[in-house]
1. May I ask you to list the residues in segment 113-133 that are of a type outside the set (V, I, T) and farther than 17 Å from L284 by Cα?
2. Take the residues in segment 25-41 that are outside any loop (DSSP other than H, G, I, E, B) and at pLDDT 95 or above, then tell me which one is surrounded by the fewest Cβ atoms within 10 Å (Cβ to Cβ).
3. Take R22 and decide whether it is surrounded by 15 or more Cβ atoms within 10 Å (Cβ to Cβ), over 24 Å from the mean Cα position of the chain (by Cα), over 30 Å from F270 (Cβ atoms) and at pLDDT 95 or above.
4. Take the residues in segment 295-311 that are part of a helix (DSSP H, G or I) and exposed (fewer than 13 other Cβ atoms within 10 Å of the Cβ); name whichever of them is modelled with the lowest pLDDT.
5. Would you call L190 under 24 Å from Y165 (Cα atoms), modelled with pLDDT of 85 or more and surrounded by 21 or more Cβ atoms within 10 Å (Cβ to Cβ)?
6. May I ask you to list the residues in segment 66-88 that are modelled with pLDDT of 90 or more, polar (S, T, N, Q) and in a loop (DSSP other than H, G, I, E, B)?
7. Write out, first by first residue and then by second, each pair whose Cβ atoms fall under 9 Å of each other, whose residues are 6+ apart or on separate chains, and whose first residue, in segment 152-164, is at negative phi while the second is surrounded by fewer than 15 Cβ atoms within 10 Å (Cβ to Cβ) and among the acidic types (D, E).
Amino acid sequence: MSLKELKATSLAKAEEAKAELRVRYEASDSRPWIIGFSGGKDSTLVCQLTFEALSRVPPKRRTRPVYILSSDTQVETPYIIDFMRSTLDLVKHASLSLGLPIETVLVKPELNDTYWVRVIGYGYPPPSKFMRWCTDRLKIKPADKFVLNTVSEHGEVMLLLGTRYDESQQRAKSLRRHEADNGLHKHSSLLNAWVWAPIRHFSTEEVWTYLVFNDSPWGGDNRALRDLYKDANSGECPLVVDETTEPCGNSRFGCYTCTVVERDKSLEGFVLAGKDEYADLVSLRNWLVELRDNHENRMDRRRNGSPGIGPLKMDVREAILERLLVLQEKLGEELISPAEVAVVKQVWLAETLGDVADAAA
């Protein structure tokens with residue numbers, strides 16, 4: 001397909017999606033919308049089309065609240081999380097100035113559930129495909145908490161996600177299963193939450209064509225987003241609200257600590273693209289894999305006292321914290337917060353006193 005044809009088809013699909021968005025928005029039900037926003041291309045397109053559709057709704061009819069929900073695991077690649085926060089700020093200010101009922105929300109894990117508190121404090125082994133404890137604590141719980149609080153306030157919510165037929169055969173099968181239900185389906189685990197994929201018919205090429213040739217309505221730079229993908233040679237990590245979502249460290253933007261996959265190709269891609277400072281993050285991630293896989297670094301009893309491979313030994317946890325603090329100073333980026341360090345030391349003290357019962361492998 002030529003570029004001219006791509007422009008035409010992407011524009012036609014965008015207009016169709018915006019018309020559908022407007023009709024659903026002005027419908028008689030009062031369910032708030034929650035848009036899962038990762039900062040990647042698909043969720044950016046959903047946000048842009050929603051923003052443009054709501055701009056066509058008369059101000060008096062803009063009564064349905066719309067939340068743009070993002071998740072910060074606190075171990076995101078600094079460049080990615082900075083880009084996402086910048087986008088959220090632009091959306092927030094543009095929505096206010098234009099009178100659009102759009103709010104941005106950035107959720108984080110509870111302090112006791114952060115990656116470093118679990119690994120350095122409690123001695124959790126870095127996640128593996130056999131023990132992927134991170135997704136629930138870092139992504140699912142924070143996002144689900146906001147969704148459920150919104151359900152509690154309004155009765156029901158609608159989740160707008162950037163899933164598409166073009167992503168995979170499995171995704172296409174799942175989406176088509178709900179076509180008869182007007183494109184809506186109930187969330188698998190969140191009570192009174194409905195799911196809708198407004199860009200389900202877009203191909204990857206059409207997503208990029210629309211973004212690159214149609215200016216962001218909040219003043220963002222979609223070409224910069226394209227360059228980010230080019231650097232990482234990657235895809236995006238969707239908002240995670242259940243355990244069916246695949247880990248995000250292989251061909252997707254994700255946590256720089258991701259040890260679930262064999263290689264973090266997106267992080268390595270940034271290094272190859274000239275962001276040499278991230279080589280230290282790659283080394284840190286690979287070192288965590290080595291620590292996890294060496295059973296000599298693990299206690300010989302679980303926290304419940306039963307025999308077996310237990311938490312990381314205290315000297316290993318101390319070594320991780322020391323290396324992390326040195327790297328943090330070198331990069332000039334906060335990798336572990338003072339609050340997390342304080343909790344880590346509280347956990348260590350409690351363990352010394354024999355008062356830590358939190359289970360770990």
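The values are calculated or read from the model by the stated rules, or taken from the named source; none is laboratory data. All values derive from a computational prediction rather than experimental measurement. Neighbour counts are summed over all protein chains in view; Cβ atoms, including those assigned to glycine, are modelled from backbone coordinates with ideal geometry.
1. First, pick out the residues of segment 113-133 that are of a type outside the set (V, I, T): 113, 115-116, 118, 121-133.
Listed by number, the residues that qualify are D113, G121, Y122, K129, F130, M131, R132, W133.
2. The first filter runs over segment 25-41 and keeps only residues outside any loop (DSSP other than H, G, I, E, B), leaving 25, 33-36, 41.
With the extra rule that they be at pLDDT 95 or above, the set shrinks to 25, 33-35.
Numbers: Y25: 20, W33: 24, I34: 25, I35: 24.
Here the answer is Y25.
3. Details: surrounded by 15 or more Cβ atoms within 10 Å (Cβ to Cβ): yes; over 24 Å from the mean Cα position of the chain (by Cα): yes; over 30 Å from F270 (Cβ atoms): yes; at pLDDT 95 or above: yes.
So R22 passes the test.
4. Residues of segment 295-311 part of a helix (DSSP H, G or I): 295-297.
Of the ones still in play, those that are also exposed (fewer than 13 other Cβ atoms within 10 Å of the Cβ) are 295-296.
Details: H295: 91, E296: 94.
Per the stated criteria, the residue is H295.
5. Working: under 24 Å from Y165 (Cα atoms): yes; modelled with pLDDT of 85 or more: yes; surrounded by 21 or more Cβ atoms within 10 Å (Cβ to Cβ): no.
Here the answer is no, as L190 does not meet what is asked.
6. T73, Q74
7. Once the first residue is at negative phi and sits in segment 152-164, its partners that are surrounded by fewer than 15 Cβ atoms within 10 Å (Cβ to Cβ) and among the acidic types (D, E) give E156/D29; M158/D29.
A quick yes/no check of all residues on (1) more than 13 Å from the chain's Cα centre (by Cα); (2) outside any loop (DSSP other than H, G, I, E, B); (3) over 24 Å from L335 (Cα atoms); (4) at pLDDT 80 or above:
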residue	(1), (2), (3), (4)
W218	yes, no, yes, yes
R223	yes, yes, yes, yes
R226	yes, yes, yes, yes
D231	yes, yes, no, no
T245	no, no, yes, no
G249	no, no, no, no
G269	yes, yes, no, yes
E277	yes, yes, no, yes
D280	yes, yes, no, yes
